[in-house]
Amino acid sequence: VGNYKRTVKRIDDGHRLCNDLMNCIHERARIEKVYAQQLTEWAKRWKQLVEKGPQYGTVERAWCAFMSEAEKVSELHLEVKSSLMNEDFEKIKNWQKEAFHKQMMGGFKETKEAEDGFRKAQKPWAKKLKEVEASKKAYHAACKEEKLAISRETNSKADPALNPEQLKKLQDKVERSKQDVLKTKEKYEKSLKELDNATPQYMENMEQVFEQCQQFEEKRLRFFREVLLEVQKHLDLSNVASYKNIYRELEQNIKIADAVEDLRWFRANQGPGMSMNWPQFEEWSADLNRTLSRREKKKASDGVTLTGINQTGDQASQPNKHSSSLSVQSNTVQSVQSSYNPFEDEDDTGSTVSEKEDNKIKNVSSYEKNQSYPTDWSDEESNNPFSSTDANGDTNPFDEDTSPAMEVRVRALYDYEGQEQDELSFKAGDELTKMENEDEQGWCKGRLDNGQVGLYPANYVEPIQ
């Protein structure tokens, strides 16, 4: 009696398992999203570094093919994330809503129906079972009393102090107890027989309710199997034709790389095969040949344009590369990467912050493929046009001039773990001092209360009112 509660509890467990499966799919979707974001950031950063680096020709294009592969795979994983959330997650959510109906007083309608069905089917049999238990208890008590009366009578026969009248009472007691035993035994057997007669109907009624619960659970199990198969199809990129094409194309791009072709191109454009610009007699002109000192070049007005002198005249430039002229506006530094996160969703609470080097211009080599080399070969000057003391010493002439800002107290909105030695680490709720305003890449300079100074993402803090 009452063991049907395990079957009834399975209905509530089915509702909870729907929530668990939705949470499971949601976590996997977030992983797909983060992976896609990291692939895109990696591809964007390294594509720029390779294009600016010294690698050239077909090998460069083969190298860049890896970045194209990452971008395409990123798109596929975003599609996986979208399928998991928009199709599988929503399908489970809708099925759960249709299968389980909440009641005003709590619990589910399906649970109450199963509970009432089992209780109704069990009530008559449980009543007869109670009668059996009561008759059994009475029978066992009569047996005990009979045994005790017989024992007293036996002991009294050996006691000479008892008179015949007392002995007669003990014998009568034994006789009555035997009759009680017979009566209770008969009643016990009768109640057992009635219980046995009611058992088939009881089992039939209980099984009928149980089968209804089985059918409800079967729907859930079959639905889960169906959803899991759909999730498997969405996750299995090996059967996606475009996924196979990505790596087929990547292999072809790598095999196209030709060392002989790259050497031929370099000889024709950067070596003996390049067009020459031999010195020729030139008339003096005050307007055309005015020479600027480095100090004059460095002076800032609205903007400064530094133009590298082409050493070899009409030198053929490599296709799709930067020119050797670099224009720098005062108070402006063009960031290579935008701080905009293309995968940011309003419904996601966490956001992945790319590493600081993703937002800053970096070189993978000591020089860029298209940097200009000075024509002046005098021993009085070094080959680096920006290494003199007139050009700010060892500083980068393209760095933005930043004036110290007024220090402001700010509070961290989220946890942040520094990725580099010059970055700060803090927890949500920590307070620190902002020393410089946000730069073009979205970073601020600040100081922790322990005196540590470093960089941190500007959108991770808010001013303290």
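A few points about this structure:
- Taking amide H atoms as placed 1.01 Å from N in the peptide plane, the amide H of Trp443 lies under 5 Å from those of Ala458, each 5 or more residues away in sequence or on another chain.
- Counting every pair of alpha carbons in the stretch 109-209, the share spaced more than 24 Å apart comes to 50 percent.
- Three-way shape label, the stretch 409-463, alpha-carbon gyration tensor, a/c 1.5: rounded
- 14 Å beta-carbon shell around Arg222, net charge (K/R +1, D/E -1): 0
- If the segment from Met105 to Glu75 were pulled out straight at 0.36 nm per residue, it would be longer than the present Cα-Cα gap by 6.1 nm.
- Heavy-atom surface of the stretch 409-463, accessible at 1.4 Å and reported per residue (Å²): 54
- Once the Kirkwood radius over Cα pairs is known for the stretch 222-292, the Stokes-Einstein relation at 37 °C and 0.692 mPa s delivers a diffusion coefficient of 172 µm²/s.
- Extension gain, Met406-Leu228: 0.36 nm per intervening residue step, less the Cα-Cα distance, totals 58.4 nm.
- Gln122 sits among other residues whose Cβ lies under 13 Å from its own Cβ, and their net charge, with Lys and Arg +1 and Asp and Glu -1, is +3.
- Part-to-part distance (alpha-carbon centres) for the stretch 24-81 and the stretch 161-200, which is given in Å: 91
- Taking other residues whose beta carbon is less than 15 angstrom from the beta carbon of Asp415, and scoring Lys, Arg as +1 and Asp, Glu as -1, yields -3.
The values are calculated or read from the model by the stated rules, or taken from the named source; none is laboratory data. Predicted model, so just to flag it, every value in this text is computed and none were measured. For neighbour counting, all protein chains shown are included, and Cβ atoms are generated from backbone atoms with ideal geometry for every residue, glycine included. Note: areas computed on protein heavy atoms with side chains; ligands, DNA, RNA excluded. Shrake-Rupley method; radii C 1.70, N 1.55, O 1.52, S 1.80 Å.
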